[in-house]
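Asker: The structure is given below, and queries will be raised subsequently.
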């Protein structure tokens with residue numbers, strides 16, 4: 001297999017899907033050597049089968065707004081690969097959603113889920129509907145219309161959706177309620193559900209906590225303590241806020257958070273009380289991060305991003321391609337020692353190249369942010385057994401999973417000079433499990 005030839009063919013077939021092609025290129029260029037050690041993979045054309053989704057559903061979603069006007073959005077579900085378990089991946093509601101973005105997310109999810117060691121395949125879905133500025137009733141009507149089309153394609157042993165950008169507990173609840181009505185069953189078809197109807201403790205915290213746990217494993221390889229380290233975080237949703245919460249508990253100093261409008265900078269570090277305000281601002285009032293700056297008088301940069309401030313650790317936790325090559329060079333010039341991704345593919349290829357060339361600790365999202373889907377897998381296990389584990393039990397299992405993912409990355413990513421290339425390690429480890437399962441199951 002030659003990665004350049006595979007990529008050229010995919011570019012010819014899918015020319016208008018840049019995010020998808022970017023994700024594929026990052027994986028196949030790092031697994032090429034390992035793939036070619038197994039000639040049986042090439043005989044079965046495994047790489048092409050793994051790059052192209054099993055199936056794609058796209059549909060119109062018509063719903064009625066509060067003024068009685070009919071609105072129309074597009075809905076999608078990408079079922080990428082189920083070699084090791086039912087399709088599993090979030091649903092994203094955001095105006096930027098298109099088929100390319102969801103194909104990249106589903107592709108990444110396949111390897112991320114493989115790394116967790118849990119029985120989950122990869123999938124992703126969403127819509128170009130944005131909950132921002134919509135009433136609860138409008139969000140409910142949209143979610144119900146979305147699931148009225150999607151419900152027949154999902155199920156506890158078929159495809160298990162969850163939340164993502166724009167989809168939190170409110171949206172999951174509305175979608176699960178409609179699914180339950182249409183399918184006439186009460187099963188663990190969604191994860192991220194409310195605790196009252198099958199949700200798992202620690203699920204909202206899981207992606208942020210898991211990212212910090214992976215970071216701690218990386219830092220330990222160089223004998224570095226997280227205490228008193230200065231951390232720049234992007235985003236202010238679940239991933240970013242719970243990342244900040246865990247960092248504060250461990251004695252680190254968080255100096256930035258952001259949203260799509262701008263960035264705050266608190267040089268002395270965000271306090272626990274200030275973080276509580278951000279939680280309330282985002283979860284109860286669905287406000288904007290500039291309101292924090294107005295409340296506490298800190299620096300706010302309209303349209304700004306956190307990567308120009310001096311820090312020890314950067315944790316991009318907002319969205320794809322939010323940190324580019326110039327940002328990476330600025331971070332390195334300012335002495336950053338580690339980057340751990342809470343979002344999916346937040347660093348551009350140019351940025352990743354800079355981090356790897358500098359040989360800093362760099363954790364790609366498919367490894368570092370796998371905590372969310374890991375606890376989703378634990379939620380599925382609890383649902384199937386009709387059990388509910390304590391937060392301590394779930395947190396311990398999460399720590400164990402993130403440690404295991406780190407060990408897999410080291411196994412496949414260790415280079416001759418002792419440096420661990422976590423990008424290569426995560427890609428090869430995730431790929432090999434899926435590849436072996438596909439080979440065992442024949443050409444289907």
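The values are calculated or read from the model by the stated rules, or taken from the named source; none is laboratory data. Computed from a prediction, not measured in an experiment: that's the story for all the values here. Counting neighbours? That spans all protein chains shown, and the Cβs are built from the backbone with ideal geometry, glycine included.
Asker: Check residue 430 against each of (1) part of a helix (DSSP H, G or I); (2) surrounded by fewer than 23 Cβ atoms within 10 Å (Cβ to Cβ) and name the one condition it does not meet.
Answerer: (2)
Asker: Here's a follow-up. Hey, can you tell me all the residues within the range 329-346 that are within 21 Å of residue 252 (Cβ to Cβ) and outside any loop (DSSP other than H, G, I, E, B)? First the steps, then the outcome.
Answerer: From the range 329-346, those within 21 Å of residue 252 (Cβ to Cβ) are 330-332, 334-343, 346; that's our starting set.
Within the range 329-346, 330, 331, 332, 338, 339, 340 qualify.
Asker: Give the number of residues within the range 357-392 that are crowded, with 24+ Cβ neighbours inside 10 Å and not in a helix (DSSP H, G or I).
Answerer: Summing the residues that are crowded, with 24+ Cβ neighbours inside 10 Å and not in a helix (DSSP H, G or I) in the range 357-392 gives 5.
Asker: Of the numbered conditions (1) modelled with pLDDT of 95 or more; (2) part of a loop (DSSP other than H, G, I, E, B), residue 92 fails exactly one; give the number of that condition.
Answerer: All conditions pass for residue 92, except number (2).
Asker: Does any residue of the range 49-72 turn out to be assigned to a helix (DSSP H, G or I) and either crowded, with 21+ Cβ neighbours inside 10 Å or on the phi > 0 side of the Ramachandran plot (or both)? First the steps, then the outcome.
Answerer: Initial filter on the range 49-72 (assigned to a helix (DSSP H, G or I)): 49-51.
The next check asks that each one be either crowded, with 21+ Cβ neighbours inside 10 Å or on the phi > 0 side of the Ramachandran plot (or both); those that pass are 50-51.
For the range 49-72, residues assigned to a helix (DSSP H, G or I) and either crowded, with 21+ Cβ neighbours inside 10 Å or on the phi > 0 side of the Ramachandran plot (or both): present.
Asker: Being over 21 Å from the mean Cα position of the chain (by Cα), buried (at least 22 other Cβ atoms within 10 Å of the Cβ) and at pLDDT 95 or above is the requirement here; does residue 214 meet it? If you could, list the steps in order and put the result at the bottom.
Answerer: Numbers: over 21 Å from the mean Cα position of the chain (by Cα): no; buried (at least 22 other Cβ atoms within 10 Å of the Cβ): yes; at pLDDT 95 or above: yes.
In short, no.
Asker: Please pick out the residue among 91, 154, 165, 101 that is in contact (Cβ under 8 Å) with a residue 60 or more places away in the chain and over 28 Å from residue 235 (Cα atoms). Can you show your working first?
Answerer: Details: 91 fails: over 28 Å from residue 235 (Cα atoms); 165 fails: over 28 Å from residue 235 (Cα atoms); 101 fails: over 28 Å from residue 235 (Cα atoms).
Sole residue among the options that is in contact (Cβ under 8 Å) with a residue 60 or more places away in the chain and over 28 Å from residue 235 (Cα atoms): 154.
Asker: Give me a count of the residues in the range 308-330 that are touching a residue at least 40 places away in the same chain (Cβ under 8 Å) and more than 27 Å from residue 17 (Cα to Cα).
Answerer: Within the range 308-330, residues that are touching a residue at least 40 places away in the same chain (Cβ under 8 Å) and more than 27 Å from residue 17 (Cα to Cα) number 6.
Asker: Could you tell me whether the range 104-122 includes any residue that is touching a helix residue (DSSP H, G or I) at 6+ places or on another chain (Cβ under 7 Å) and part of a strand (DSSP E or B)?
Answerer: So far as the range 104-122 goes, yes, one or more of its residues are touching a helix residue (DSSP H, G or I) at 6+ places or on another chain (Cβ under 7 Å) and part of a strand (DSSP E or B).
Asker: Quick check on residue 192: is it buried (at least 23 other Cβ atoms within 10 Å of the Cβ) and touching a residue at least 60 places away in the same chain (Cβ under 8 Å)? Reasoning before the result, please.
Answerer: On the way: buried (at least 23 other Cβ atoms within 10 Å of the Cβ): yes; touching a residue at least 60 places away in the same chain (Cβ under 8 Å): yes.
So residue 192 passes the test.
Asker: Only one of 44, 20 is under 16 Å from residue 345 (Cα atoms) and outside the structural domain of residue 144 (by TED's automatic domain parsing); which? Step through it out loud before you land on a result.
Answerer: On the way: 44 fails: under 16 Å from residue 345 (Cα atoms).
Among 44, 20, only 20 is under 16 Å from residue 345 (Cα atoms) and outside the structural domain of residue 144 (by TED's automatic domain parsing).
Asker: Next question, about the same structure. Only residues that are more than 17 Å from residue 53 (Cβ to Cβ) and exposed (fewer than 14 other Cβ atoms within 10 Å of the Cβ): list them for the range 1-14, please.
Answerer: Matches in the range 1-14: 2, 4, 5, 8, 12.
Asker: Here's another thing I want to ask about it. Check off (1) within 26 Å of residue 106 (Cα to Cα); (2) modelled with pLDDT under 95 for residue 239 and give me the number that stays unchecked.
Answerer: In the conditions (1) within 26 Å of residue 106 (Cα to Cα); (2) modelled with pLDDT under 95, residue 239 misses (2) alone.
Asker: Given the condition surrounded by fewer than 16 Cβ atoms within 10 Å (Cβ to Cβ) and outside any strand (DSSP E or B), answer yes or no: does some residue in the range 20-29 qualify?
Answerer: Of the residues in the range 20-29, the ones surrounded by fewer than 16 Cβ atoms within 10 Å (Cβ to Cβ) are none.
Looking for residues that are surrounded by fewer than 16 Cβ atoms within 10 Å (Cβ to Cβ) and outside any strand (DSSP E or B), one finds none in the range 20-29, hence no.
Asker: Please determine, by comparing only the residues of the range 393-409 that are closer than 12 Å to residue 206 by Cα and within 17 Å of the chain's Cα centre (by Cα), which one is surrounded by the most Cβ atoms within 10 Å (Cβ to Cβ).
Answerer: Of the range 393-409, the ones closer than 12 Å to residue 206 by Cα are 394-399, 401-402.
Remaining after also requiring within 17 Å of the chain's Cα centre (by Cα): 398, 401-402.
Working: 398: 23, 401: 25, 402: 27.
Restricting to residues being closer than 12 Å to residue 206 by Cα and within 17 Å of the chain's Cα centre (by Cα), the top hit is 402.
Asker: Residue 396 passes all but one of (1) over 22 Å from residue 160 (Cβ atoms); (2) free of Cβ contacts under 8 Å to residues at least 12 places away in the same chain; (3) in a loop (DSSP other than H, G, I, E, B); which number fails?
Answerer: (3)
Asker: Determine, yes or no, whether residue 117 is in contact with a strand residue (DSSP E or B) (Cβ under 6 Å, 6 or more places away or on another chain) and more than 26 Å from residue 260 (Cα to Cα). Break it down stepwise before answering.
Answerer: Numbers: in contact with a strand residue (DSSP E or B) (Cβ under 6 Å, 6 or more places away or on another chain): no; more than 26 Å from residue 260 (Cα to Cα): yes.
For residue 117, the condition - in contact with a strand residue (DSSP E or B) (Cβ under 6 Å, 6 or more places away or on another chain) and more than 26 Å from residue 260 (Cα to Cα) - is not met.
This table checks each residue for (1) in a strand (DSSP E or B); (2) without any contact (Cβ under 8 Å) to a residue 40 or more places away in the chain; (3) closer than 25 Å to residue 406 by Cα.
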residue: 232; (1), (2), (3): yes, no, yes
residue: 235; (1), (2), (3): no, no, yes
residue: 240; (1), (2), (3): no, no, yes
residue: 245; (1), (2), (3): no, no, yes
residue: 251; (1), (2), (3): no, yes, yes
residue: 254; (1), (2), (3): yes, yes, yes
residue: 280; (1), (2), (3): no, yes, no
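Asker: Still on this model: Working only within the range 153-184, note down all residues that are surrounded by fewer than 19 Cβ atoms within 10 Å (Cβ to Cβ) and in contact with a strand residue (DSSP E or B) (Cβ under 8 Å, 6 or more places away or on another chain). Talk me through it step by step, then tell me what you get.
Answerer: Let us first name the residues in the range 153-184 that are surrounded by fewer than 19 Cβ atoms within 10 Å (Cβ to Cβ), namely 153, 155-158, 169-170, 177, 180-184.
If the condition is that a residue be surrounded by fewer than 19 Cβ atoms within 10 Å (Cβ to Cβ) and in contact with a strand residue (DSSP E or B) (Cβ under 8 Å, 6 or more places away or on another chain), then 153, 158, 183 are the ones that fit.
Asker: From the list 234, 200, exactly one residue is outside the structural domain of residue 334 (by TED's automatic domain parsing), touching a helix residue (DSSP H, G or I) at 6+ places or on another chain (Cβ under 6 Å) and surrounded by 15 or more Cβ atoms within 10 Å (Cβ to Cβ). Which is it?
Answerer: Numbers: 234 fails: outside the structural domain of residue 334 (by TED's automatic domain parsing).
Of the residues listed, the single one that is outside the structural domain of residue 334 (by TED's automatic domain parsing), touching a helix residue (DSSP H, G or I) at 6+ places or on another chain (Cβ under 6 Å) and surrounded by 15 or more Cβ atoms within 10 Å (Cβ to Cβ) is 200.
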